[in-house]
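In what follows, a single structure is set out as structure tokens and then discussed.
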Amino acid sequence: MERESMEFDVVIVGGGPSGLACAIRLRQLAAERGEDLSVCLIEKGSEIGAHILSGAVMEPRALNELLPDWAAQGAPLNTPVTDDRFMFLTQSRAVRLPTPPQMENHGNFIVSLGNVCRWLGTQAESLGVDIYPGFAAAEVLFHDDGSVKGVATGDMGRAKDGSEGPNFAPGMELHARQTIFAEGCRGSLTKSLFERFKLRDGVDPQVYGIGIKELWEVQPDRHHQGQVTHTIGWPMDTQTYGGSWEYHLEDNLVSIGFVVGLNYSNPWISPFDEMQRFKTHPAVRETFAGARRVSYGARAISAGGFQAIPKLTFPGGLLVGDTAGFLNLPKIKGSHTAMKSGMTAAEAVFDLLTTGDKAGKEAVEYPTRLQTTWLWDELYRVRNIKPSFHWGLWPAVAYSALDTYLFRGKAPWTFHHHPDHESLKPAAECQPIDYPKPDGVLTFDKLSSVFLSNTNHEEDQPCHLTLRDPTVPTKLNLPVYAGPEQRFCPAGVYEYVGAVGSQELRINAQNCVHCKTCDIKDPSQNINWVTPEGGGGPNYPNM
Amino acid sequence: MKILVAVKRAIDYNVKARPKADGSGVELANVKMSMNPFDEIAVEEAIRLQEAGKAGEIVAVSIGPAACQETLRTAMAMGADRGVLVQSDDEVQPLAVAKLLKAIVDREQPGLVICGKQAIDDDSNQTGQMLAGLLGWAQGTFACNVTPEGDTLAVKREVDGGLQSITLKLPAVVTADLRLNEPRYVKLPNIMKAKKKPLDTFAPADLGVDITPRLKTVKVAEPAARAGGVKVADVQELVAKLRNEAKVI
Amino acid sequence: MTALVIAEHNNQSLNAATLNAVAAASQLSGGFDLLIAGHNCGAVADAAAQVAGVGKVLVADAPHYAHALAENLAPLVVSLAGNYTHLLTASTTNGKNVMPRVAAMLDVAQLSDIIGVVSDDTFVRPIYAGNVLSTVQSTDGIKVITVRTTGFDAVAATGGAGTIEAVAAQADAGLSTFVGEELTKSSRPELAAADIIVSGGRGLGSAENFAIIEKLADLLGAAVGASRAAVDAGYVPNDYQVGQTGKCVAPTLYIAVGISGAIQHLAGMKDSKVIVAINKDEEAPIFQVADYGLVGDLFKEVPALCEALAK
């Protein structure tokens, strides 16, 4: 099939903090040095920000470096953190703990990261970046020499069976001298690049968490603008990594969320239901009396940190942001590191492309420079905290204190990670969990939650949740793990239907919020998440 | 025959509207906005007429804040030749929209105006009819088929209980219903080209139109949740209730 | 102050929707007259005179009013408007077609699709596909209104004693011509316009089993709808879908069979006047919105319902 193509100096895949910061930095450098460098950024969401979901407390360090006059330019960092609380929950009590230094947020801002990205998008456009939301990069293109040539956007208008519908429009090839993958956690193209260029050889497997977020409009007397609370403990058992956030933004809005480490072993765990159950805690629920839930969403985050950072470059391209895994888990923040990686990559790429070298070359300067930045030091120091949770909550808390206060992150050892998908135990060996029924006021079911994410996909298109082997669900997942995809998916995409004994997996792809958890946690890695038609997925407002 | 197409920037059809807590309006901050879907159908129809050699230039018109430029760029990326923005940050109600469109029609002298049958935000379903009334033109509302035949236009309309065929004297106003066509996907290179197509901007005052709202919104609210009714024991009771109590069959 | 209700009819009988529009007019503080514009429509005028509470029945009889073409009907209404404070009609496709043209010619705003009368100048109307209700006040001297029929219970068709009065026809505007009509009689009505909808869900279990939904629909002259689950399962094509990404419907009667009632579906049909749910799961959310719920096996209950209706 013949596809049209367009040529750019740089193509960036993904309009999150890393991709946008990279685009902005490239155009800034081009303006400073009087070079003309064309930068194209494509985003699978219907607009910039549509697929962005984060807590979020933002550390403005990278933003200060990138756009020092951000306040004057109207960046939506409106709520400085005024109060920082760290709590341990038992089923009925909340005990305030000293806030670990990584979680101190003085000088940081509570933001909607989606809105920050919307603003970054307008900054990028005004600097001359061509931004195309609603186009998903579906395929990496290669030169004959094996280097990356660019990406192709997905076809539009294919019917469910793969045939060309009446409005079929083939994808488009975007060729670039450097292609920058900024897909966010568990990028689908990045995954193929890991294999092709063996980028993960010699590093730890990436590990993940799933974050589930709700945005609430609370009663004014329950609202404490600037307040940040994190909890550990209940409802997680001590062997499961997880915790919550509750951030009070402006306009009586409260962001509440729960992160569950995807290395959990009990297949009966449902992160969505843990979040719902968490809200019923007496110390939590009082904030939400008389409140109205206004949005919902979920997204996987990379938790592997320093020891899981892959090789970042390959001929013709590189990785930035959370698709490479720059999130700082003990801080539960990744937007500042994502931006910093994008900016550092931009500097390396700019030098590479303006010093007369030809396409296909590798921006090897990028990782070298990254190692001299604060990002590298920051991730190095916290590298042992997440793996220590392998021992359970209390040993990990004790170790983390020791590692942080005594060794200041410079302990002469590094703990290692195990892949999340290998951690599930057979259902028969585990205790089923009796989650409370949703009350429709404070707690909800999945479908009414997905409803608030404004998620949609064109119905008549091939299913974007592909199974490598269609028999695995009924041969392995259901009999051994009691169909864990029904529970780890926070959007009700996976359902086993039919009479007991003849159940089949039904995939409601339209509900997918693009969190990528299924691609990560499926026990035999049988689910392969690929991009649906551009513009599909959630339409998060203010998330 | 020049075609004028009116396009409105409205909340995206995938986004659930939420009244503000104070009831003063609907929350639109940082909400995805798109071209009203019925207007997309209108644009598509104009392009198809042009492609079939039955129309000349296509002018897209939008009314609203500066961001409506994006809506016009989308129309131009689909295939409209140029754009006209009547820029206003104030609320512009359907009657004022119709008056502004009439002013543009007076300047542009199109042979046909195509609008969406209604916008999915205020659900008014008025603008096309009002414009036709102000111009004294024929109107073909809820169109599912449009065929120019010399100086007339054959329009098939979706009416209650079926389809109605009418013939309109041109010039005329047509409003697009869902089944008129299925709009095309916008292609990337066309988005780039659309950035270079001409776009003129006017203020309502430039056109001599008073846009003062005639309707005052007292409050907006979510509808009361529907309460469940009764359980019936069997189909006999159900039929009896439907016949005698609800009186719906 | 008096309201004029523009009646909808087919030159032989009064369309029932008019009685809902009259119900809205009856909630205003003045009385109301009815306008019958048509051709050879004497029988309609006689029926209109019987409508409960009617004052005058104005009759404009001319060939160019036979098909309610907006270009001809609007000038007639405008010519009469001076005597009235409110002009109302039902939100049928005819009503929606003509009234905004009338409003524009009078230089007044229109209030579309009202579902409630708060006072003589303030009304409630759904916006955002019924997800939000807006209360709006008109500042115009004449209020031009279309009335959502499911928002008002019809007044009685009899019991009134209106006086029939002929009014002068206006000239044929000569802008539009009626060519023909294909009314869907044999096949089922369109989902969006149907008065009754029978919808099936995943409980049907297969495409073949959808036949029982179709049989019930045909008995009632209803359209056939489906939940997304049923569409996804391939029982019926996409265009049957009621709900979030499909159509929003608001029929007088909505019968949900084997539909659990996911929020997406509820969002698409919650404005229906009467909702009936048939489902074997007593806990199904659909029962939370149903006016009449029947807990039972649909394969038993639906055929029984057909039988009971056929009697």
Taking the alpha-carbon distance from B:K99 and a cut-off under 25 Å, which lysines remain once sequence neighbours fewer than 8 residues away in the same chain are dropped? B:K2, B:K8, B:K117, B:K169, B:K216, C:K96, C:K143
The Cα extents of region A:18-125 along the principal axes, largest first and rounded to whole Å, are 60, 29, 21
Okay, helix-only estimate at 222 nm for the protein assembly as shown: each DSSP H run of n ≥ 4 adds -39500 (n - 2.57), divide by all residues, round to 500 deg cm²/dmol; what do you get? -7000 deg cm²/dmol
Excluding residues on the same chain fewer than 8 positions from B:K231, give the lysines whose Cα lies under 16 Å from its Cα. B:K241, C:K280
At a 1.4 Å probe radius, carbon and sulfur cover how many percent of the accessible area of the protein assembly as shown? 51
Interatomic Cα distance distribution for the protein assembly as shown, bins of 20 angstrom, percent: 12, 40, 35, 13, 1, 0
What is the gain in length, in nm to one decimal, between A:T90 and A:A31 on full extension, counting 0.36 nm per residue of separation less the C-alpha to C-alpha distance? 15.7 nm
In debye to the nearest 20, the charge dipole size for chain A, taken about the Cα centre with +1 at each Lys and Arg Cβ and -1 at each Asp and Glu Cβ, equals 1540
The farthest towards the positive end of the charge dipole of region A:373-517, of the residues A:G492, A:P395, A:L406, given +1 on Cβ of Lys and Arg and -1 on Cβ of Asp and Glu, is A:L406
Which order do the peptides A:3-13, A:463-473 take when ranked by the mean count of other beta-carbon atoms within 10 Å per residue, highest first? A:3-13, A:463-473
Output field shielding_mean for C:270-276 (other chain Cβ, 10 Å radius) holds 4
Would you please name the chymotrypsin sites (Phe, Trp or Tyr not before Pro) within region A:354-454 that are DSSP coil residues with at most 16 other C-beta atoms within 10 Å of their C-beta? A:F407, A:W413
Identify the trypsin sites (Lys or Arg not before Pro) of region A:51-101 meeting these criteria: DSSP loop state and at most 16 other C-beta atoms within 10 Å of the C-beta. A:R93
With springs only between Cα atoms under 10 Å apart, run a GNM on chain C and tell me which of C:A81, C:A23, C:A207 wobbles the most. C:A207
When the charge dipole of the protein assembly as shown is computed with +1 at the Cβ of Lys and Arg and -1 at the Cβ of Asp and Glu, the Cα pointing farthest to the positive end, of C:F123, A:T344, C:A7, is that of A:T344
What pairs from A:K437/A:K475; C:K56/C:K270; A:K44/B:K54; B:K54/B:K197; A:K160/A:K516; A:K386/A:K516 go past 28 Å between their alpha carbons? A:K437/A:K475; C:K56/C:K270; A:K44/B:K54
Given charges at beta-carbon only (K, R positive; D, E negative), |dipole| of region A:488-539 in Debye: 100
Relative contact order in percent for chain C (Cα pairs under 8 Å, 6+ apart) equals 15
If the only charges are +1 at each Lys and Arg Cβ and -1 at each Asp and Glu Cβ, what is the size of the charge dipole of chain C around the Cα centre, to the nearest 20 debye? 220
Along the dipole axis of the protein assembly as shown (charges at Cβ: +1 for Lys and Arg, -1 for Asp and Glu; origin at the Cα centre), the most positive-end residue among A:Q225, B:M76, A:A283 is A:A283
What percent do you get for the relative contact order of region C:17-92 when only Cα pairs under 8 Å and 6+ apart count? 34
Residues of type aspartates and glutamates that A:K446 reaches as a straight line, Cα spacing below 15 Å, ignoring anything fewer than 8 places off in the same chain: A:E214, A:D273, A:E274, A:E485, A:E495
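The values are calculated or read from the model by the stated rules, or taken from the named source; none is laboratory data. As the structure is a computational prediction, the values presented were derived from the model and not from experiment. Here Cβ is always computed from backbone atoms with ideal geometry, including for glycine, and neighbour counts include all displayed protein chains. What goes into the accessible areas is simple: the full protein's heavy atoms, side chains included, and nothing from ligands, DNA or RNA. Shrake-Rupley method; radii C 1.70, N 1.55, O 1.52, S 1.80 Å.
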